[in-house]
Every structure is written in C-alpha cells, then in structure tokens.
Ligand code: SRM
Ligand SMILES: Cc1cc2nc3c(=O)[nH]c(=O)nc-3n(C[C@H](O)[C@H](O)[C@H](O)COP(=O)(O)OP(=O)(O)OC[C@H]3O[C@@H](n4cnc5c(N)ncnc54)[C@H](O)[C@@H]3O)c2cc1C
Ligand code: SF4
Ligand code: FES
C-alpha cells in the first residue's frame with residue numbers, strides 16, 4: 001500500500017526546477033520536468049553526495065551542480081558512463097497537488 | 001661558406017612536410033626554392049572534402065601561408081610548373097626560369113585518371129584533386145541539377161556526398177559490383193551503400209561508361225553506358241583512380257615503374273635527386289594517403305640534413321571515410337586468401353559489421369563498419385605484427401574485453417611512446433593520472449576530448465590539462481585521432497550548430513526565449529542540457545536586453561541562488577565593496593552577520609573584499625538583509641571586481657585618482673552578465689599595485705592620462721594584458737572600457753574569457769572598431785548602458801521576496817490523516 005503524503009501544489013515547484021522536502025533529517029528533492037512530470041529523489045548525488053535539487057533539469061534528467069553527473073529522474077540511476085543510484089520515491093499528482101509515497 | 005641549393009618540385013603535402021622536417025633538423029644548410037604548379041601556398045588536400053561538404057572553408061585548410069615561406073627564407077614560385085630537369089648541368093627549368101640545384105626533391109603527387117571515353121574533355125567534366133576542382137564543383141552545384149560521379153572509391157563517395165549536401169541530384173557510377181572495393185569487402189560495402197542511399201545518393205553499379213555527350217550549350221549533358229542506358233549529367237566528376245605523376249622524372253631519364261622508383265633513403269636512381277609522396281614508388285608501392293607520405297618526408301629530411309640514419313621501410317595504411325555520421329574503417333588485407341581465417345560479426349539491424357582477417361596468429365586485416373571504436377587498436381596490432389594467439393577468442397570484442405581477459409596485452413605498445421609514467425597526474429583538478437586516461441580511452445573506445453572528459457573527468461574542470469589529454473589521445477589512438485576544432489564543433493550533443501551559428505541565428509531571427517530557440521534551431525532534445533542551456537540563456541539576454549526572457553532554470557545554481565555553492569552544499573557570500581573600498585559601518589555589519597549566522601570562515605579574497613563562507617541556503621536572504629550591501633556577483637559569469645590601488649588620493653607616486661576611477665567603472669558595470677567572468681583593475685601609476693596587467697580590462701594612470709590594457713588573465717594560464725590605447729580623460733576610460741566589453745558581450749562565445757576571444761578574433765579588428773571608429777565606440781557604449789538600464793541588486797530583490805521558493809524548503813509532508821511525517825531531530 002502506498003503511503004501518500006501531500007507535499008505542495010504543482011505550481012510551487014518551478015518548471016524545469018525542484019523543491020526540497022525535509023524527511024527524516026535527509027532532504028528529498030522533488031523535481032518538475034518541462035512536461036509537468038514530477039519525480040522525487042533523495043537529495044544526495046550518487047557521486048559525492050552533492051545536492052541534486054540544485055542542478056539543472058533537462059528532459060527527465062538532472063545534472064548535479066558539483067561535478068556534472070547526469071542522473072535519471074525516474075530511476076535515480078546515474079547516466080552512463082557513471083555508475084550509482086540515488087534513492088527514488090513514487091510520486092503522484094492529483095488535482096494539482098503533489099504527493100510522495102513515504 | 002655558401003649554402004647548398006635545394007630545389008623542391010611540388011608544393012603539396014609531402015614536399016612541404018619534408019621541408020618542414022628539414023628545417024627542424026638543419027635550418028641553415030640549404031637555400032630552398034619551391035615550385036608549385038598550383039597558384040596557392042601549401043594546403044591540406046584531405047580537407048577539400050569537408051570544404052566541398054560546406055563544413056569548412058578554403059581559409060581553414062591552409063597549412064603554410066605565404067608568410068611561412070618568407071619567414072623561413074624559402075623562395076616560392078607558385079603557379080609555375082617545372083618542365084625540364086637538366087641532370088648534367090644540375091638545374092631545373094620552368095618556363096623562362098632556370099634554377100640550379102645541388103639536391104633536388106620531387107614531390108609532384110598524382111594526376112587523376114580520366115577515363116579514355118569520348119567527351120571526357122567537355123566543359124563540366126572534371127576530376128577531384130585540387131582547389132580548382134573543388135571550386136568548380138561548388139559553382140556547378142549552385143547552377144545545375146544533375147551530377148554523376150564516376151568511381152565509388154573514397155574520393156568519389158566524398159565528392160558525391162559533398163555535392164548532395166550542396167543540393168545536387170547525385171548518381172555514383174561504378175564499374176564493379178560493390179563500392180569501395182579496395183577498402184571494403186562486399187558485406188561492409190553493401191551496408192555503407194545503404195547508409196549513403198539514406199542520405200540521398202543514387203548508385204549504378206556494374207556499369208561501364210561508353211561516352212559523355214554534350215548538351216545544346218556545348219556543356220556535358222549526359223552519360224551513356226555500354227548497355228545503351230543514358231542518364232542526365234550537368235557535371236561529371238571522374239574519380240576513377242590516380243596515377244603517380246612521373247612525367248617530369250621520366251623525361252629526365254629517371255627510372256620509373258608505378259612511380260618514381262626510390263630506395264629506403266628516398267633517393268631515386270640519381271643520388272642527387274629524391275622523391276617523396278604519391279609520385280614515388282617504394283618497394284613497388286606508391287601510397288595514396290598522407291600518413292605514409294609523412295613518414296617518407298621525415299626520412300627524406302633526415303637524409304637531406306646529412307644525418308643519414310633514417311630508413312623508410314614501407315607503411316601499413318588504414319582508411320577512414322570522411323562522411324559525417326558514417327563510420328567506416330579498414331586496414332591491411334581485409335579480403336583474406338589462402339591460409340587466412342576470418343572472424344566475423346554481423347549485426348545488420350544494429351548497423352554493425354566487423355571482419356578480422358588472421359594469418360598464423362597475426363592480425364593481417366580488418367574491416368569495421370558502424371562501430372569503429374577499436375580500429376586504432378586493431379591497426380596497432382596489425383602494424384606491430386603482434387602474436388594474438390592468447391587473445392584470439394576475445395579479439396572481436398575489442399581492446400577492453402580482450403585485455404580484461406589477459407593482463408595488459410595491448411597496453412605496452414602505446415605507453416612506450418610517451419615518457420610519462422602511468423601514475424603521473426595529468427588533471428590536477430580531478431586527480432586523474434595518465435594510466436586512468438589511457439585505460440579509459442582503450443577500454444571504452446574513446447575518440448574525442450569530450451568523451452575523455454565525460455568518462456574520466458580529466459580536463460573537465462579548469463581545462464589547463466587539455467593539451468596533455470589530447471596528446472595522450474593522439475598517442476593512444478595513433479592515426480585514428482582527429483583533434484576537434486572548436487570553431488566548427490557543435491555546441492553540444494543537442495545540436496549540430498556551433499556557438500557562432502547559434503549567436504548569429506538568435507540575432508538574425510530575433511529569438512527571444514529558450515523555447516523559441518529550441519524550435520527555430522531544431523534542437524534534438526526537448527529542452528537542451530546543462531551545457532547548452534546556460535549558453536543559450538546568455539546569448540538570448542545579451543542579444544536582446546529588456547526583450548528576451550531570462551530563464552533562471554537555465555542558469556547554473558550559483559547564478560540562480562546568487563551565491564557560490566560549496567563542496568558541502570552550503571553557500572558563500574561576497575558582498576560588493578566598490579573598488580575594494582569599505583567603511584567601519586560595513587565592517588561592523590559583516591562582523592555582526594558572521595556572528596549571528598555562525599559563519600565558520602571569514603576570508604579576505606584575492607579580489608579585495610570579504611567572503612563569508614559556509615552559509616546555509618535558507619539563511620541567504622537573512623544574511624543579505626542584515627548586510628545591507630549589494631551583491632558582489634562573485635558567483636556569476638558577470639562583472640566581478642574592479643581592484644584598485646590607493647593612487648594619487650594618498651600615494652606619493654600616484655599620478656591619477658585610481659580609487660575613484662575604479663569605483664566609477666564598477667558602478668557603471670554593476671549587474672553586467674558576460675560570456676565569462678570579467679575583472680578590471682585600476683592602478684594609479686605604472687608601479688601597478690592593482691595588477692592591471694592581468695585583467696580583462698586594466699587601467700594604468702600616467703601623468704598625461706590613462707593607459708588601457710585588455711585581455712589579460714591571471715587564472716589557469718597567466719596571460720599578460722595587451723596594450724589597447726591611451727586616453728586622456730575619465731570619461732574616455734569609461735567609454736573605451738565599456739565599448740570593449742560590450743563587443744565582447746555581443747560576440748564572444750559562452751565561457752570564453754576576453755583573452756581567448758581576442759586570441760580567436762584578433763586584437764587589430766577589435767581596436768579598429770573600438771579605438772579607431774569613434775561612432776562605433778559610442779554606439780557600443782550606449783548599447784551597454786542600455787542593457788544595464790534599471791538593473792536592480794539581486795540580493796535586495798530577494799530580501800523583498802523575489803524567488804523566495806529558491807531559498808525556502810517546503811514544510812515536512814502531511815500524511816493522509818493530515819499528520820506531519822515524524823521528523824527525526
Ligand atoms: C573567493 C576567491 C578565492 C579567495 O579566497 O581569494 C575565489 C574563489 C573561487 N574561484 Fe577564483 N576566486 C577568487 C579570486 C580569483 C582570482 C584573483 C582575482 O580576481 O584577482 C583569479 C585569477 C584572476 C582571473 O580570473 O583572471 C581567480 C581565478 C579563477 C579561475 C580561473 C579563471 C580563468 O579564466 O583562468 C576559476 C575557474 C573558472 O572561473 O572557471 C575560479 C573559480 C573560483 C571558484 C568560483 C570555483 C567554483 O566554481 O566553485 C571559487 C569559489 C570558492 C568557493 O567555494 O566559494 N577562479 N579567482 C576569490 C574571489 C575574489 C572575489 O572577491 O570575487
Ligand atoms: C579530395 C581528397 C580527399 C582526400 N582524403 C584523404 C584522406 O582522408 N586521408 C588521406 O590520408 N589522404 C587523403 N587524400 C590523399 C592526400 O591528399 C594525398 O595523398 C596527398 O595530398 C599527396 O601528397 P603529395 O605531396 O604527394 O601530392 P600533392 O599534395 O598532390 O602535391 C603535389 C603538388 O605538386 C604540384 N606539381 C606537380 N607537378 C609539378 C611540376 N612539374 N612543377 C611544379 N609543381 C608540380 C601539384 O600541382 C601539387 O600541388 C585525399 C585527396 C583528395 C584529393
Ligand atoms: S579557491 Fe580557486 S584556487 Fe582555491 S581551490 Fe577553489 S578554485 Fe582552486
Ligand atoms: S557530487 Fe554530484 S557529480 Fe559529484
């Protein structure tokens with residue numbers, strides 16, 4: 001059973017941007033892609049822990065601000081040639097509200 | 001002592017390379033005279049194909065311009081054909097010119113083979129060999145429709161591709177059943193043909209040309225074949241092979257057989273006469289590619305320099321087709337024969353074909369289509385005649401795989417060539433050593449600088465090790481490496497346009513938003529990538545100030561948050577101190593902020609101001625509010641600092657008021673975004689305590705006014721600023737500095753510091769527009785002022801609530817019962 005938690009309204013997240021949600025002392029980055037798809041990843045880059053929320057969002061990817069790794073938003077996997085994975089969370093957008101499965 | 005006389009016949013790639021090598025070894029040994037039948041300096045013949053395809057211009061492919069001949073004391077007779085060699089009197093004749101020699105070097109290249117069919121001398125029938133041919137093709141493409149290329153070899157296909165790209169309807173006619181039969185087997189050739197057909201080329205194979213017929217205008221009009229068929233042709237390009245150009249040598253009685261016969265020392269049968277290049281036949285072979293010709297040139301130079309130790313032993317050659325987007329590689333004996341075995345991989349759907357030919361545990365040939373990444377490695381194995389018995393089972397899967405299975409076979413050869421140890425650090429920024437790079441190149445089949453950057457991070461930060469990385473690429477890949485040229489390179493993987501083209505399009509099409517740019521320029525990705533977006537955003541707002549939309553989401557985090565991100569995700573805050581000046585009140589506020597927000601580090605920067613490091617993002621607006629000082633933009637591709645010295649306000653040597661000059665400049669430029677960061681300095685006298693000599697714009701006060709210097713850089717590679725002009729008033733300093741910077745803003749490419757821009761476009765042209773042309777200067781100045789009109793301090797705005805979402809985290813989520821998720825302390 002998903003355990004949905006309400007986070008914010010969709011428009012509170014900038015298009016091609018993200019917001020940070022506190023969660024158990026470890027922030028979660030909630031991204032909104034240009035096509036209004038919403039994704040959530042733990043805000044820790046698989047490379048050296050950089051804050052993915054601060055990166056540039058393009059397509060369904062984010063580029064980490066620290067050393068430029070690209071991370072897939074839907075899986076949290078680093079794009080080739082890099083290896084690693086950021087924890088991902090299920091998201092749901094309903095009536096303009098964004099939910100996370102926590 | 002009088003110098004000996006060296007005469008070179010043939011001003012082409014092999015002859016001039018030999019001269020270059022000779023000058024390196026013995027610059028003063030000879031008086032050198034060069035004859036060239038073409039009316040040009042030496043150019044890179046190989047690149048005629050990209051010129052025809054419209055990917056390069058003739059100016060791009062010049063190898064040695066006329067200055068080079070002059071500087072090296074070489075007499076060049078261009079547009080002069082040598083008609084006779086008098087071996088007894090040791091002189092050459094060209095028209096009415098007679099030049100004596102002690103040594104003679106023949107480098108006459110090849111002549112294209114023109115099919116002996118009726119009509120081969122009609123207007124519109126040409127070969128593909130030199131600049132004149134290329135120009136003729138470009139002109140024909142502009143005026144006519146139908147092109148027929150006879151011969152589907154390397155040259156024919158490149159000609160056909162170029163003509164097609166220029167809009168012609170192109171048919172390639174070939175006598176044999178498959179194309180490029182000298183480089184490819186049938187399977188590889190069929191795959192290549194299919195991809196070329198997809199690009200719009202037509203093929204007629206197994207066709208023998210009978211004659212070329214004229215149209216009413218007298219120009220060629222059609223090609224008729226032996227089987228009676230006929231196709232229209234306004235342009236016929238004969239690419240049916242080349243013949244060593246031996247006419248001159250033969251007329252002088254030199255022994256020729258499939259070329260001018262030369263020994264291992266590149267001497268002809270007359271020991272005073274040497275021959276290199278396509279005209280020479282060494283051990284029965286005349287080569288038609290540059291790599292072997294360059295090897296010959298080197299040996300020949302060694303002999304001419306009287307070192308006498310070089311020997312040329314023949315070369316292996318490998319072939320690549322220069323059609324953008326198509327990968328073909330072949331080397332050695334790829335068709336096999338008695339006593340050879342084949343290993344074949346064929347994935348027709350995936351568009352990959354590989355065939356390796358092996359004889360007695362040695363690789364003797366390879367054809368690769370679609371995936372040529374291992375070409376360099378196979379070529380190396382082939383050249384070195386290495387025993388591949390132990391890696392045979394893995395050979396097909398390339399270097400990486402084969403090597404994972406048997407220690408380090410395949411590494412040793414390349415590493416011998418360079419002196420650096422494997423453990424030597426190449427990239428200081430990312431701590432990458434040479435071994436790691438070489439390994440990545442080989443294992444992952446990397447071919448370009450960009451790929452190495454991506455895979456190893458080497459050279460991806462400050463870029464100062466770029467040259468080293470390119471060298472490693474070159475030694476590791478051998479002939480397979482081709483250095484990228486930044487001016488023709490696409491901006492990134494999202495587009496085929498380069499920076500210059502994108503800038504131009506944004507201006508000429510008046511593009512005002514990111515989405516408009518993606519659409520107008522056919523971006524491949526829906527919304528770009530982290531590399532093109534910041535560049536595009538800058539181009540938009542700098543070209544159309546007050547009109548184009550600034551897109552914060554396309555800015556690097558520093559520029560979005562107006563602070564510098566630190567390694568731990570915190571931020572640093574550098575308030576502006578105009579001209580490096582501050583007050584007790586400001587210092588008090590800084591001290592208070594540092595205490596209130598528990599700032600771990602307070603530092604005086606190299607830019608004459610104070611940095612508060614380690615601030616939490618959510619505290620930034622509060623810090624800015626409490627500081628009450630404007631942003632220092634220490635985070636932006638923007639105006640950074642204007643450093644000043646005390647100047648005549650206090651200093652006993654000062655001749656001008658440098659502090660107030662600096663403050664005025666900094667106030668004028670406040671809020672200016674630029675292709676890269678911009679730093680200025682103003683010193684009050686030539687002792688130059690503000691280090692104006694390494695700034696983008698440096699100003700030095702002298703008794704009679706101000707000297708302006710531009711394009712200095714104190715960073716990765718220190719570059720001394722160049723003298724720009726001298727002016728007399730403060731107003732002039734503002735106007736000239738603004739005009740120079742505005743030109744930089746309008747024309748430089750993103751991430752190009754002033755020094756690199758000036759190196760690329762030349763200071764003279766800039767000086768003409770800014771210094772010599774008062775009208776342009778004033779206009780530039782005005783455009784900068786216009787762009788900066790109404791600029792607000794980004795920190796002030798943000799303390800008033802602008803972009804608050806950037807700094808405030810969301811509240812902890814609520815679950816379905818409306819309860820906040822338990823937060824751990
Ligand atoms: C804070 C400061 C060092 C200091 O404590 O003194 C500094 C800090 C940084 N410099 Fe610098 N530079 C600082 C003065 C300089 C200077 C000296 C100067 O300005 O007179 C130079 C050489 C002068 C020049 O630029 O020509 C300098 C040449 C660089 C370069 C190399 C630029 C180049 O074109 O070669 C970089 C890398 C880049 O920009 O790509 C760089 C980049 C950086 C960055 C922004 C790296 C980054 O992207 O995170 C550093 C931020 C550190 C941080 O964590 O906040 N920094 N940097 C100085 C800030 C000055 C200011 O008040 O704004
Ligand atoms: C379109 C094209 C694409 C090519 N692509 C590739 C490639 O991708 N890779 C590769 O390795 N090779 C390629 N080649 C082949 C390569 O360009 C040649 O192998 C190389 O240029 C030969 O050098 P050379 O000095 O022997 O002859 P050339 O460069 O032809 O120079 C000979 C010069 O001598 C002059 N000359 C001849 N007779 C006389 C005389 N009597 N008096 C005065 N001057 C004389 C000629 O006018 C000519 O300028 C290509 C060639 C062409 C035409
Ligand atoms: S402050 Fe400048 S020199 Fe120092 S580590 Fe950072 S980038 Fe390098
Ligand atoms: S921490 Fe993300 S790329 Fe290095």
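Applying the criterion of being over 15 Å from residue B:811 (Cβ atoms) and surrounded by fewer than 19 Cβ atoms within 10 Å (Cβ to Cβ) to the residues of the range A:1-24, the residue that is farthest from the other protein chains (Cβ to nearest Cβ) is A:10. Checking each residue in the range B:632-660 for being in a loop (DSSP other than H, G, I, E, B), away from ligand 1 (no atom under 12 Å from the Cβ) and closer than 18 Å to residue B:609 by Cβ picks out B:645, B:646.
Residue pairs whose Cβ atoms lie under 7 Å apart, sitting 6 or more positions apart in sequence or on different chains, and linking a residue in the range B:604-624 that is closer than 17 Å to residue B:642 by Cβ to a partner that is in a helix (DSSP H, G or I) and more than 10 Å from ligand 1 (Cβ to nearest atom), are B:610/B:590.
Looking only at residues of the range B:785-815 that are assigned to a helix (DSSP H, G or I) and within 14 Å of chain A (Cβ to nearest Cβ), we find that the one that is surrounded by the fewest Cβ atoms within 10 Å (Cβ to Cβ) is B:804.
Need at least 2 residues that are within 17 Å of residue B:631 (Cβ to Cβ) and within 11 Å of chain A (Cβ to nearest Cβ) per element, so show me which helices (runs of 4 or more DSSP H) inside the range B:507-574 make the cut, counting only ones lying wholly within it.
Numbers: elements: B:514-520, B:532-543, B:557-561.
By residue number, B:557-561.
Matching residues to (1) more than 22 Å from residue B:790 (Cα to Cα); (2) assigned to a strand (DSSP E or B); (3) more than 16 Å from ligand 2 (Cβ to nearest atom):
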site	(1), (2), (3)
B:668	no, no, yes
B:726	yes, yes, yes
B:752	yes, no, yes
B:756	yes, no, yes
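Would you be able to tell me the number of residues in the range B:107-128 that are in contact (Cβ under 8 Å) with a residue 60 or more places away in the chain and part of a loop (DSSP other than H, G, I, E, B)? Before you say what the answer is, go through the steps one by one.
Narrowing the range B:107-128 to residues in contact (Cβ under 8 Å) with a residue 60 or more places away in the chain: B:107-115, B:117-120, B:122-128.
Pick out the ones that are also part of a loop (DSSP other than H, G, I, E, B) and you get B:107-109, B:113-115, B:117, B:119-120, B:122-124, B:128.
Residues in the range B:107-128 being in contact (Cβ under 8 Å) with a residue 60 or more places away in the chain and part of a loop (DSSP other than H, G, I, E, B): 13 in total.
Just checking: which of the strands (runs of 3 or more DSSP E) contained wholly in the range A:39-82 hold 1 or more residues that are within 16 Å of ligand 1 (Cβ to nearest atom) and within 10 Å of chain B (Cβ to nearest Cβ)?
The qualifying strands (runs of 3 or more DSSP E) are A:56-58, A:61-63.
Computed from the coordinates by the stated procedures, all read-outs in this text should not be read as laboratory data. All values derive from a computational prediction rather than experimental measurement. Here the Cβ is made from the backbone with ideal geometry for all residues, glycine too, and neighbour counts use every protein chain on show.
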